[in-house]
Amino acid sequence: MIKDDIYQTHLTAQQNLRRLSIIRGVALLGQFLALVFFGTVNPIGLPLVPITIILSIYSAITAATWLRSKQPVPIVDYEFFTHLLIDIFFFSMLLYFSGGASNPFVSYYLIPLSIAAITLPRRLSILVALAALACYTVLLNYYVPIAAIAPHAVDMHGTATGMHGTATGMNRPATGMNGVHSGAFNESVNESTNLHILGMWANFAISGALITYFISRMAGTLRQQQQKIAEQRETQLRDEQLLAVATLAAGTAHELGTPLNTMKIIVDELIDKRENSAEDLLLLNQQIDTCKSTLKQLLMTAEQSQSSEQTPVTVRDYFSALLSRWQLMRPNVNVSINLAKDSCDAPCTAAFHLTIEQSIINLLNNAADASPESVEVSIQWTADRATIDIRDHGLGLDLNGIDNLGQAFVTHKDDGLGLGLFLSRATLTRFGGTVSLRNALGGGTHTQISLPL
């Protein structure tokens with residue numbers, strides 16, 4: 001399902017946080033070089049101690065952020081949002097000690113705002129924009145002034161002119177006039193300075209609004225298109241893999257028929273001789289019959305699956321029979337089953353395809369393999385949808401391989417083939433269902449199946 005707000009994936013969030021750390025590093029390098037130049041080579045009156053402390057703390061946070069981007073723990077949107085707010089806070093502290101809104105680098109506020117518009121949902125990018133605008137507004141009135149970078153520094157020339165006029169006794173009348181003109185000039189400069197600062201603030205507010213609205217919408221549209229392309233590519237790849245697996249299964253079933261028939265003939269002859277190993281041969285004969293029966297069932301299922309007509313059954317009876325069959329297959333599993341009450345006025349009925357049962361059993365087997373000592377199954381349904389929750393208490397999902405989970409031939413089991421989850425997800429998706437897996441609170445894995453009836 002594609003929504004207006006597209007969240008970052010696990011790998012994308014890691015990459016974005018790593019890039020944010022690099023941006024911080026470049027900004028910190030420039031700020032340290034500026035501090036050294038304007039603090040020692042060409043002093044302009046910067047308060048060196050507080051700025052040095054702020055840059056040191058910010059450097060430590062940047063290093064910690066870089067290490068955090070290397071961790072396998074997923075990075076959620078709110079964590080990335082917090083990092084951008086931290087950037088705005090520390091940059092505001094630096095501006096406070098270096099001229100406030102009159103600092104020519106005040107436009108750096110647009111950097112975290114643009115990053116938020118591209119990477120975060122719209123509601124979070126709006127909050128980032130409001131935070132930047134609020135800090136900018138505060139810096140209009142509260143800051144440590146630095147005369148060298150203040151826009152009204154030209155006013156010193158007017159004052160010096162007035163002082164120069166008073167130093168000459170012969171020009172006293174002219175000096176008075178010059179003093180009047182100088183005062184008017186000062187007021188004009190101060191007024192134009194205030195208008196300049198307010199104009200910068202208004203420009204920032206407009207730029208921030210445009211970036212937040214248009215860039216976030218453009219980024220959202222691009223992410224939607226990329227997601228659609230990825231889904232189409234994944235569907236095409238899954239169909240190709242399913243076709244390959246189906247072809248392989250059909251060929252294997254055909255090839256197994258001949259050796260099984262040969263083994264059947266030989267075993268029958270050995271049984272007739274009534275040798276001492278007759279019991280073992282009888283057991284072997286039963287296993288061969290089971291294999292042949294399974295192959296026949298495979299062919300029958302393939303024929304029946306081509307038919308679009310399915311017999312409707314009550315939902316409760318269907319899931320009861322499914323769970324009973326699974327418990328016969330896995331008698332050693334300690335399972336707790338909760339079947340909800342029927343939510344329909346009359347018993348809910350549905351027509352289930354033959355492959356759906358196999359898909360659900362595959363997912364139940366995964367839970368049983370993870371923790372045979374405790375598996376919890378809860379099933380509830382309405383007239384149009386059933387939800388199956390499967391909870392095991394095993395080791396949970398491996399976060400390093402979670403992005404490849406469900407792909408063909410990808411498995412974390414020592415004896416697994418990597419097809420169970422892949423085939424189950426592909427089958428259920430084909431009939432409009434979904435499968436989601438996540439680490440459960442307290443350990444283990446929570447598997448949820450949503451199936452339209």
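Just so it is clear, none of the values below were taken in a lab; they were calculated from the coordinates. Just so we're clear, the structure is a prediction, and the values are computed from it rather than from any experiment. So basically every Cβ, Gly included, is an ideal-geometry build from the backbone, and we count neighbours across all protein chains shown.
Numbers at a glance
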item	result
Proximal charge balance of residue 443 [Cβ under 11 Å; K/R count +1, D/E count -1]	0
Computed E for residue 215/residue 144 - FRET, C-beta separation, R0 30 angstrom, nearest 0.05	0.35
Nearest-0.05 FRET efficiency for residue 134 and residue 68, computed from C-beta distance (R0 45 Å)	0.95
Neighbour-count order for 92, 98, fewest beta carbons within 10 angstrom listed first	92, 98
Efficiency of FRET from Cβ geometry, residue 49 and residue 436, R₀ 56 Å, rounded to 0.05	0.60
Residues 196, 393 arranged by fewest to most Cβ contacts within 10 Å	196, 393
Formal net charge of residues neighbouring residue 379 (Cβ-Cβ distance under 10 Å; K, R +1; D, E -1)	0
